[in-house]
Amino acid sequence: MEQQPTVSTNKYNKNCREYGYVIELSQYNQSGKIVIDKFNSRLKVIDFSGDNIAIIINRAKEMAVENQLGKIIFFVRGIYKERLLAHNFVLEGSIPNFFAGEHCYCLSLFLDGKRAFSNTLPEEEKIIKDIYSSAGKPAEKPLPEGLKLKAADLADAEKLVDLYSNIFSSYPSPLLNADYVRALINKRAIFMAVFDNGQIVSAASAEIDGKNKNAEITHCATLPDYRGMGLLTTAILALESELVNKNIKVFYSLARATSYGMNAVLHKLKYSYKGRLINNCHIAGGFEDMNIWYKKL
């Protein structure tokens, strides 16, 4: 009988338990974590290191079936890529330099056959083609008069929730919960926000992985009346400056594949397209594909 890893479990947030929980791997020369992501019907294995990945693959399959999850995703170093492919995983993308300079490969196994099919692929491919064929560099625009940019603090959590609630009917993480936003700010995230008369009208955040020296640019949103002003470009550039000061020089982002605007912003900021995660998360009422973008300073 195969030995199973010893785990310790931590809830994402006491008020957001429906989203899932994290399992830390800590036995048999293995490390990393398994994320049981109930809201997005997926299981993620992140930063695995060990001698026998087959044990974790089998355990991941068992746990995914137990929790009725439709997709398993491994974010792993290159030494594990071929082993996952041999277990019928498919390579969906990569993030160069993700593990403190070592490449990360994103491999998925679809337990729900319907989950592996996306009917928006032609539109998504056209968006990438159009973005790469567009000419010119985007200059950072000065903020319009009356708008102010600053790092959001704990007191701004409710305002951030107001912004995201006005844009998303559902979100892959508990971002519409102010306690969760405060927990992110306290732990590992920087939110850069644009204010108009005290209201947050645009924001982006960076979730920092200090161990691996990378950061995810995420939670990007702008109210409809404020789009086209370059507010997200300004916010992301400010985040990058903060991150460089923290010795983080590898950035990545997952953008909704059908959003021309967000993908164009990342391309203009010199991020490179590195693949697509099919039906990766539940956002704005349904599962959506997410494009992987990467940048190294």
- Item | Count of region 168-182 residues which are open to solvent by less than 30 Å² (accessible area, probe 1.4 Å), of a type outside the set (S, T, N, Q) and outside any helix (DSSP H, G or I) | 5
- Residue satisfying all of: in region 264-297; of a type in the set (Ser, Thr, Tyr) and in a strand (DSSP E or B); most open to solvent (accessible area, probe 1.4 Å) among these: 273
- Could you say whether any residue in region 116-126 is of a type in the set (Phe, Trp, Tyr) and part of a loop (DSSP other than H, G, I, E, B)? yes
- Query: Hey, among the residues in region 39-70 that are of a type outside the set (A, V, I, L, M, F, W, C) and under 16 Å from the mean Cα position of the chain (by Cα), which one's least open to solvent (accessible area, probe 1.4 Å)?
  - Reply: 40
- Name the pairs: first residue in region 63-89 and free of Cβ contacts under 8 Å to residues at least 24 places away in the same chain and of a type outside the set (Gly, Ala, Ser), second residue surrounded by 13 or more Cβ atoms within 10 Å (Cβ to Cβ) and not in a helix (DSSP H, G or I), Cβ to Cβ under 8 Å, at least 6 apart or on different chains? 85/91; 85/107; 88/109; 89/72; 89/74; 89/107; 89/108; 89/109
- Query: Would it be correct to say that residue 53 is aliphatic (A, V, I, L, M), farther than 21 Å from residue 279 by Cα, at pLDDT below 95 and in contact with a helix residue (DSSP H, G or I) (Cβ under 7 Å, 6 or more places away or on another chain)?
  - Reply: yes
- Take region 1-25 and flag every residue that is open to solvent by 70 Å² or more (accessible area, probe 1.4 Å), out of contact with any strand residue (DSSP E or B) (no Cβ under 7 Å at 6 or more places or on another chain) and at pLDDT 50 or above. 18
- Query: Give me the pairs: first residue in region 221-248 and within 17 Å of residue 208 (Cβ to Cβ), second residue open to solvent by 20 Å² or more (accessible area, probe 1.4 Å) and of a type in the set (Val, Ile, Thr), beta-carbon distance under 6 Å, and six or more apart or on different chains, which are they?
  - Reply: 242/190
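Condition check ((1) touching a helix residue (DSSP H, G or I) at 6+ places or on another chain (Cβ under 7 Å); (2) exposed (fewer than 15 other Cβ atoms within 10 Å of the Cβ)) across all residues:
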residue	(1), (2)
160	yes, no
166	no, yes
184	no, no
192	yes, no
196	no, no
201	yes, no
212	no, no
240	no, no
- Message: With the structure loaded, tell me whether residue 144 is more than 29 Å from residue 65 (Cα to Cα), touching a Cys at 6+ places or on another chain (Cβ under 9 Å), of a type outside the set (D, E, K, R) and open to solvent by less than 60 Å² (accessible area, probe 1.4 Å) or whether it fails that test.
- Response: no
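The values are calculated or read from the model by the stated rules, or taken from the named source; none is laboratory data. Since we're looking at a predicted model, the values are computed, not measured. Virtual Cβ from ideal backbone geometry, glycine too; neighbours counted across all protein chains shown. Remember, those area values only see protein heavy atoms, side chains included, never the ligands or the DNA or RNA. Shrake-Rupley method; radii C 1.70, N 1.55, O 1.52, S 1.80 Å.
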